[in-house]
Amino acid sequence: NRIMLIPIIAPRGTIYDRNGDAVASNKLIFDIVIIPQELKDKAEVFSKLSGLIGTGKDEIERIFKNNYYAPFAPVTIRKNVDKSIAFQIEENKLDIPGVFILTRAERYYNHPESTCHIIGYLGEINRKELEQFKEYGYKIKDLMGRTGIERLFDAYLRGDDGGMQLEVDNRGRLVSILGQKEPLKGNDITLTIDARLQDAIFDEMGSSRGACVVMDVTSGEVITLVSQPSFNPGIFLNSGNRDKITQLLKSSRRPFLNRAIGGAYPPGSTFK
């Protein structure tokens, strides 16, 4: 009952194209959190925080209650805030004790729509998958690859999470930090595709439905693999985008279909 573990999520490995251009990387984002045991006057802090971030005081209190776990465990009030808001919080931290800015790495796609069918996207692990992959180190709320490279090389790309071992008293308040393990970033991958050529072909295709594949006939390397229509894989990283995701899933244009490898077409003159 005296020892608590706080995980520190490791960044995923970077995915590069043949020219060393990062196609999928990680960006530093800022979350607003509250550490309950540091709060002096909840009502006053919630009121001042509301004025800084433009979220109602009652809404902040609701988020705090719904996500409270332990006095020492940070409660996330808002994820991925703008730098200007993060700086405001830091500048006013003496007036809002218990409110902090935590940084973390989030997946970022540098060529989102042109490479989405190659790179794929991430999704939160579900209960069935957790039972299946728990022995491999997966935990609840972990993100795992759903399609493309993110899925095929998920075990290679995902890092080794770190964490902090804390000693707490019988009311759950922090006494001391017993140990800390730094997270280890996942392995990087270099693909044969050319992201600039991928973008150029994607733009040329416009709103047309279809696919375009460019290969090196001497080596068999795939230089580009474009499928239209497409989607932005970054929308799956934010739970607030459920309506957008539903619209894409119901779309008659079928943007999730990789027409380059999933479509059936008559071979025509190419086959001759």
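The values are calculated or read from the model by the stated rules, or taken from the named source; none is laboratory data. Just so it is clear, the model here is predicted, and its values are computed rather than measured. So basically every Cβ, Gly included, is an ideal-geometry build from the backbone, and we count neighbours across all protein chains shown. Accessible surface areas use protein heavy atoms only, side chains included; no ligands, DNA or RNA. Shrake-Rupley method; radii C 1.70, N 1.55, O 1.52, S 1.80 Å.
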(1) at pLDDT below 90; (2) open to solvent by less than 60 Å² (accessible area, probe 1.4 Å); (3) farther than 30 Å from LYS79 by Cα all hold for LEU237 apart from (3)
So, first residue farther than 23 Å from PRO11 by Cα in the stretch 156-181, second residue in a loop (DSSP other than H, G, I, E, B) and at pLDDT below 85, Cβ within less than 6 Å, six or more apart or across chains; the pairs are GLU167/ARG2; VAL168/PHE72; GLY172/ALA70; GLY172/PRO71; ARG173/PRO71; LEU174/PHE72; VAL175/ASP169
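Sort out for me the strands (runs of 3 or more DSSP E) sitting completely within the stretch 67-151 that have 3 or more residues that are among the hydrophobic types (A, V, I, L, M, F, W, C). Walk me through it before giving the result.
Values: elements: 75-81, 99-109, 122-124, 143-145.
It comes to 75-81, 99-109.
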query = Is it true that some residue in the stretch 28-44 is in a strand (DSSP E or B), farther than 26 Å from ILE96 by Cα and not aromatic (Phe, Trp, Tyr)?
reply = no
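Look through the stretch 99-130, keep the residues that are in contact (Cβ under 8 Å) with a residue 40 or more places away in the chain and of a type in the set (Lys, Arg), and return whichever of them is surrounded by the most Cβ atoms within 10 Å (Cβ to Cβ). Steps first, please.
Here is the first cut: in the stretch 99-130, the ones in contact (Cβ under 8 Å) with a residue 40 or more places away in the chain are 99-123.
Okay, now just the ones that are also of a type in the set (Lys, Arg), so 104, 107.
Values: ARG104: 16, ARG107: 21.
Ranking the candidates gives ARG107 first.
Would you point out which residue out of ILE140, ILE85, ILE177, ILE96 is β-branched (Val, Ile, Thr) and either within 30 Å of GLY206 (Cβ to Cβ) or crowded, with 19+ Cβ neighbours inside 10 Å (or both)? If you could, list the steps in order and put the result at the bottom.
Numbers: ILE140 fails: either within 30 Å of GLY206 (Cβ to Cβ) or crowded, with 19+ Cβ neighbours inside 10 Å (or both); ILE85 fails: either within 30 Å of GLY206 (Cβ to Cβ) or crowded, with 19+ Cβ neighbours inside 10 Å (or both); ILE177 fails: either within 30 Å of GLY206 (Cβ to Cβ) or crowded, with 19+ Cβ neighbours inside 10 Å (or both).
Just one listed residue meets the conditions, ILE96.
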Residues of the stretch 18-53 being open to solvent by less than 30 Å² (accessible area, probe 1.4 Å) and more than 20 Å from the chain's Cα centre (by Cα), in sequence order, are ILE34, PRO36, LEU39, VAL45, PHE46, LEU49, SER50, ILE53
Apart from one, (1) over 30 Å from GLN37 (Cβ atoms); (2) surrounded by 19 or more Cβ atoms within 10 Å (Cβ to Cβ); (3) aliphatic (A, V, I, L, M) all hold for LEU152; the odd one out is (2)
Within the stretch 45-67, residues over 11 Å from ARG78 (Cα atoms) and of a type in the set (S, T, N, Q) come out as SER47, SER50, ASN66, ASN67
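So, in the stretch 223-244, exactly how many residues are part of a helix (DSSP H, G or I) and among the β-branched types (Val, Ile, Thr)? If you could, list the steps in order and put the result at the bottom.
Residues of the stretch 223-244 part of a helix (DSSP H, G or I): 233-237, 239-244.
Now restrict to residues that are among the β-branched types (Val, Ile, Thr): 235.
Total meeting the criteria: 1.
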Those residues of the stretch 163-220 which are part of a strand (DSSP E or B) and within 30 Å of TYR16 (Cα to Cα) amount to GLY163, LYS181, LEU184, ILE189, THR190, GLY210, ALA211, CYS212, VAL213, VAL214, MET215
For the stretch 4-17, the count of residues that are more than 17 Å from the chain's Cα centre (by Cα), modelled with pLDDT under 95 and open to solvent by 50 Å² or more (accessible area, probe 1.4 Å) equals 2
Among residues of the stretch 182-224 being buried (at least 19 other Cβ atoms within 10 Å of the Cβ) and touching a His at 6+ places or on another chain (Cβ under 7 Å), the residue nearest to ARG12 (Cα to Cα) is ALA195
